[in-house]
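Each remark here refers to the structure printed beneath this line.
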Amino acid sequence: MSGPSLMDSLFQRSLEDIIKGLRQQLIGEQAFISKALDEIRKEIKSTDLSTKSTALLKLSYLSNLHFHDMSFAAFPALEVLSSPRFSHKKIAYHAISFSFHDSTPVLLLITNHLRKDLNSTNEFEVSLSLQCLSRIANVDLARDLTPEVFTLLSSNKLYVRKRAVAVVLRVFEKYPDSVRVCFKRLVENLENSDPQILSSVVGVFSELACKDPRSYLPLAPEFYKILVDSKSNWISIKVLKIFSKLAPLEPRLAKRVVEPVCDLLRNTGAKSLLFECIRTVVTSLSEYESAVRLAVGKVREFLMDDDPNLKYLGLQALRIVAEKHLWAVSENKEVVIKSLSDADPNIKIESLRLVMAMVSEHNVSEISRVLVNYALKSDPVFCNEILGSILSTCSRNLYEIIVDFDWYVSLLGEMSRIPHCQMGEEIENQLIDIGLRVKDVRPELVRVARYLLIDPALLGNSFLHSVLSAAAWASGEYVEFSRNPLELMEALLQPRTSLLPPSIRGIYIQSAFKVLVFCLHTCFVRGGSIVPSASLNNLPAGVSASASYESFDEFSVENGADVTVVHGQTRASAPITKESIVNLLNLVELALGPLLGSHDVEVQERARNLLGIVDLTKPEVLNSSVQEKDDSEGKGVETSQIIKLMHDAFSKELGPVSLSAQGKVSLPDGLVLKENLGDLEMICGDIEPPSSNSFSFGSPYEEKDGLSFSNLQIKEDSEQSNESTSLLAEHRKRHGLYYLPSGKSELISNDYPPANDPTLQCDINDNDDNLVKITAESLVPKRKPNHGKPRPVVVKLNEVDEKPVAMKQPESRDGSLSGAVRDVLFGREDIPPTSSQSNLSNKPSSKRKGKEKQHTDPHLESKENVIDDGNSSSRRKDRSHGKERRHRSPRKKNFEERKDTDQKEKEKSRRHHGRHKSRQRAEEPLKVTAQTPVIPDFLL
Amino acid sequence: MIHFVLLISRQGKVRLTKWYSPYSQKERTKVIRELGGEILSRGPKLCNFVDWRGLKVVYKRYASLYFCMCIDQDDNELEVLEIIHHFVEILDRYFGSVCELDLIFNFHKAYYILDELLLAGELQESSKKTIARLIAAQDSLVETAKEQASSISNIIAQATK
């Protein structure tokens, strides 16, 4: 291992050479750099500090701007650091603060270097060392160097002192216990007359207050003084920042501060300060109407300004105001809307948010109209931004602001046809969700779905596929509202559906299945004649549906014919004739025949199902077109029976089910969920499940008619029927309730939860007791006040409303630091608290919570002030005594601290009364230790 | 507080990076790549603020250089713009109508100036004159040291040690 020779040192390339070489790029950048790095590796081992430092400088250049690893130079950097020369030190400090991090192995070795330089008489060396400390401090460094920093905090060199102040913040962060040592001095510096130092201190406090404002409330008088006296905008901005954190915590403080802030607002010429004032007012002083008015006036000036920065910030400020003072936004509506077409995407998004903030149930349709128009002509990114925010605003809180769902559904349809639309999934979810939740909108939903389905052009857009799947589902599920089911069928089976992904294709086929069953049902069971009875057409769906199910449940077994009477909801305008049915069946065969060989199981299976029913019914359709209906007694009845069953299975409604519904079902007696399934046979054989405990999703009818259902299955898959299926069917027959009804489960291919109709549950008085209970508990229909047109019922689940509330638990951050600060400012009790509070003793966080509770306590306000004052000062006393006892730091510091405490008490309070009392109390300390120091009445 | 300062040329070359919050070398390159792309692509008459990973980046273009500073959500953007301007003025005063080349060749000096201006992510010195004085004082310290170092006798002494 040879270091560089004398010649190498003499002809070492300087940083400038490297830069020049890089710029000339004779041999390519990478090659040049790696050559330079090789040189550096050699040079950095030199014993000559100049050579070494030059190498280090070059290396830090390459590392800074070309991102080359310089961890290998950690130790050489320390060596350069030990050089007596300032220039070397500077290079070394620069390299170290750039490259060292918490896991740098030689970090431990730097402590002494830093300490030496912190104690140096050369202020620049001290400054370098401080700077480095601020960057690389870890717990150990912060702890070991706290005394030095503490000394520097009162250095008589202003340059050093202000830097020490700034660095203290980092030391606090890393080693919160240093607060006990340094905090008093830091606070002293608040009274320094030098603006530079003041700026530093205030900067530190504004950072500290961001993290935990409550701890700094006692310092409010000092901050207030600075706010009033400050001549420097830099300082004012930071003090305002502190107050915007403190004011919300203490109403009296806000009251006191609002005036000076308004003065600043009126008088300052500096835009930055002006903006900070505005922000303080709108975030923290929003209860003061006059102040807000003034601020909004200034915001308006910002909005009118040509400078895009001011415009952006103005919009941002408006957004903050909007939460409490919506008028501010409405007053500036024109500007906001105009900004939607600004060139700057940031401004556009900001104004979009504002527009969305203005949305209410009265104007939602106009605003959406405007926005959709903007979306049509804006670039794809912003277009989707708009659509996304419309979707999220309208669906907020279960479509709270939507009154006219017909309009909303058609808006959804329209939005999905916007060329850049990529919000397919969200639209899909909402379409299905609304379909499930809002009964009245279903006819419109089917209309919109049809409108989407019949357009072959949409199939080519992959972003829309999910919308189409929702449309297909809706048109199948609610086919009874369709004007022309035959047309729907054609749309669902059109050739271009081959462009869809298989999962969605499956939904298409399944929907086609439903439509077909519906058509067959109307054609056969009702004797082919459709009686569009006007009276039933526009019945509120809920009533007719529930009526139909009720009657159905009661009568179906005895008398199938009765059922059909009630199913008169269809609005079909195109008559369904035998002929059209035949065409329909042919169409299905034609379209789905090829899919029997599909590689996708979902598609294949569904196609097979559909073709199965076609096979089943076709002969009869053909038959009955020749003969009279009565002739085909034998087989015809059976077929129509099957069709009826299918239809009924499909027409049972789906409703939203709360996530926890399953959990609320009590386990039926004897049902053992956790045991080995091998015993299932035996267990099931033993128990005849009481039907009242049924919790299946199926309708009760399926239990009763289990036999016929299994018959049907066997028939459909006649070629596959073998022993195992019949066994299965047998089993299903006996224990039908443990099976999901197959008609239902088939239909759900999207991950929508299988559901029960809530309104149905209410008036079923059969054996679904548990289910009724659950849904009755979890479904709370909510009505809004009428606005001319009544808002349809939106089915809600309790959990949906509760969850977000439960999740918003404020988390306390930075416990140790703020804890330390509290200790210093408030003092802290040392002995375990009295029994009533003992449960809080070891948990700072819960303690704090208790404290907060007390702080926000309204009593603080008036009468009890006097008492509070007495108490608080006495507490203060207690704490400081306690602290001294436990403090292990040098006596000198203790002394100083005590002096500080006294001083602060003097300067801070007009609460001299109770002082002597406190001294007395101090004798028998801590008997009365209250958990929560009350904030003194500092400003009144 | 200011989390980092970046100087990026119009061609996307990095001219200065200063990190006040801990970022690993890997993160640093990533940040620069991300921000460089975003900021350089913004047109001239747009606002100077970019939302970025929950923070805000304030940037301003001077000639061919973009000065970027990353700050917290509730920091004052206009104040930071002023700090940037302040920095540029100080550079200008120090180098005498500063240009990109000055910063390229005196890369370390730009750092030293920035260090006087900002400390631990906070503005330290708002007076241009004071900073100029401080820098000059430190420069003279460096110069004297250099003269000593480069004297022939010193080199010989080193070599023959």
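Evaluating 6.51 cos²θ - 1.76 cosθ + 1.60 at θ = phi - 60° for every residue in segment A:426-437, the Karplus couplings come out as 5, 5, 4, 4, 5, 4, 5, 4, 5, x, 6, 8 Hz, glycine and proline recorded as x. Each peptide in A:471-483, B:8-20 was scored by the mean count of other Cβ atoms within 10 Å over its residues; highest first, the order is A:471-483, B:8-20. Between A:H66 and A:D194, the simple label model (points 7 Å from Cα in the Cβ direction) yields a spacing of 4.2 nm. Counting only pairs 8 or more places apart or on different chains, how many lysine pairs in chain B have C-alpha atoms closer than 21 Å? Counting lysine pairs in chain B gives 21. Neighbour counts of C-beta atoms inside 10 Å place A:H362, A:H465, A:H420, A:H88 in the sequence A:H362, A:H420, A:H465, A:H88, starting with the fewest. Centre-to-centre separation between the Cα atoms of segment B:1-80 and those of segment A:449-472: 43 Å. Do any of A:K20/A:K42; A:K324/A:K664; A:K338/A:K439; A:K298/A:K348; A:K184/A:K241 go past 28 Å between their Cα atoms, and which? Listed pairs above 28 Å: A:K324/A:K664; A:K338/A:K439. Peptides A:410-419, A:662-671, A:438-447, A:151-160 ranked from most to least packed by the mean count of surrounding Cβ atoms within 10 Å: A:438-447, A:410-419, A:151-160, A:662-671.
Taking packing as the residue-averaged number of other Cβ atoms within 10 angstrom, the listed peptides A:77-84, B:126-133, A:54-61 run from highest to lowest as A:54-61, A:77-84, B:126-133.
Cα convex hull, chain B: 146 Å³ per residue, rounded to a whole number. Peptide B:12-18 is shielded by partner chain Cβ atoms: per residue, an average of 3 of them sit within 10 Å of its Cβ.
Per residue of peptide A:233-240, the mean number of Cβ atoms on other chains within 10 Å of the residue Cβ is 3.
Among A:L659, A:L65, the order by Cβ neighbours within 10 angstrom, fewest to most, reads A:L659, A:L65. The calculated FRET efficiency for the pair A:K324 and A:S660, based on their C-beta separation and a Förster distance of 35 Å, comes to about 0.50. Helix B:128-150 axis versus longest C-alpha principal axis of chain B: approximately 40°, rounded to the nearest ten. Each Lys and Arg adds +1 at its Cβ and each Asp and Glu adds -1 at its Cβ; summed about the Cα centre, segment A:146-294 shows a dipole of about 240 debye. Look at the stretch A:293-304: the mean tally of other chain Cβ atoms within 10 Å of its residues' Cβ atoms is 0.
Roughly how big is segment B:49-98's charge dipole about its Cα centre, with Cβ charges of +1 (Lys, Arg) and -1 (Asp, Glu), in debye to the nearest 20?
Value, rounded to 20: 300 debye.
In which sequence would B:F105, B:F49 go, from the one with the fewest C-beta neighbours within 10 Å to the one with the most?
B:F105, B:F49
Taking the Cα centre of segment A:223-379 as origin and assigning +1 to Lys and Arg Cβ atoms and -1 to Asp and Glu Cβ atoms, the resulting dipole is close to 460 debye. Taking only Cα atoms, what is the 0 to 90° angle, nearest 10, from helix B:107-117's long axis to the longest principal axis of chain B? That works out to roughly 70 degrees.
Rule-based calculations on the coordinates, nothing more; no lab input. Just so you know, these numbers come straight off a predicted model, no measurement behind them. Neighbour counts run over all protein chains shown; Cβ positions are idealised from the backbone, glycine included.
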